[in-house]
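J.: Below is a structure I'd like to ask you about.
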Amino acid sequence: MASEQDEGGSGRVAAPQDGAAATAAAPDPKTAAATAAAPDPKTAAAIAAAEAAGPQNGESVRVDSWIWAVRLIKTRSLGATACRGGHVRVNGERVKPAYSLRVGDEVRLRQEGRERIVVVKRLIRKRVGAPVAVQCYVDNSPPPPPREAVAPAGVRDRGTGRPTKRDRRELERLRGLEGLSSSRRSAETRP
């Protein structure tokens, strides 16, 4: 069965009927998914370097170090402060900065009025770039609140000085506080 062509004459080679050869030729689903979504070479090299610097099998990483390494916090000391302040929870429990983190743990981090919920996918100790950091966790956080589309009232241009009485009244009118200022003025004039 060397090279039989199909009836259409397209030049395709018929697949061997041997079961062992057929399974060897079938692609592995894990390998196929990895090659389909392969990152660029720089990211792949950074991932390899992060894994090499990471803990060996069975070891763990400090929670303050990990949230800093995956760029959830700007500095490691801020991560330790957040842990001490009760803003970091692992699997629902408040943790100290030296808590040993493991793959599969759910980390909840409360900062700047927002809660980040991530599941640990990979343990790393060294801070890495943003494309690599995103691959170290699964983000289950709710979407951030929408930003204000309108500039906040009361922001003045630099160098314009103190607002005049007229400027202050215009700002109060924009904020919807003009009724408050008139009631305040009438309260001041009463005996």
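The values are calculated or read from the model by the stated rules, or taken from the named source; none is laboratory data. The shown structure was predicted, so the numbers you read here are calculated from the model rather than taken from an experiment. FYI the Cβ positions are ideal-geometry reconstructions off the backbone, even for glycines, and counts take in every protein chain you see. Surface areas here come from the heavy atoms of the whole protein model, side chains and all, with no ligands, DNA or RNA. Shrake-Rupley method; radii C 1.70, N 1.55, O 1.52, S 1.80 Å.
J.: Between GLU115 and ARG175, what is the label-point separation in nm under the 7 Å Cα-to-beta-carbon projection?
T.: Between ARG175 and GLU115, the simple spin-label model gives 3.2 nm.
J.: Further, regarding this structure: So, counting K/R as plus one and D/E as minus one, what does the shell of residues with Cβ under 13 Å around SER60 add up to?
T.: Around SER60, the charge tally is +1.
J.: Let me ask something else about it. Using a basic spin-label model with each label point 7 Å from the Cα along Cα→Cβ, how many nm lie between LYS74 and ALA44?
T.: It is 3.6 nm.
J.: Right, here's the next one. Hey, any idea what % of the stretch 64-141's accessible area is carbon plus sulfur with a 1.4 Å probe?
T.: Result for the stretch 64-141: 48 percent of the exposed heavy-atom area is carbon or sulfur.
J.: Using the Karplus equation 6.51 cos²θ - 1.76 cosθ + 1.60 (θ = phi - 60°), what ³J(HN,Hα) coupling, rounded to whole Hz, does each residue of the stretch 126-131 give in order, writing x for Gly and Pro?
T.: 8, 5, 10, x, 4, x
J.: I've got another one for you. Between THR164 and HIS87, 0.36 nm times their residue separation minus their Cα-Cα distance comes to what?
T.: Length gained, THR164 through HIS87: 23.4 nm.
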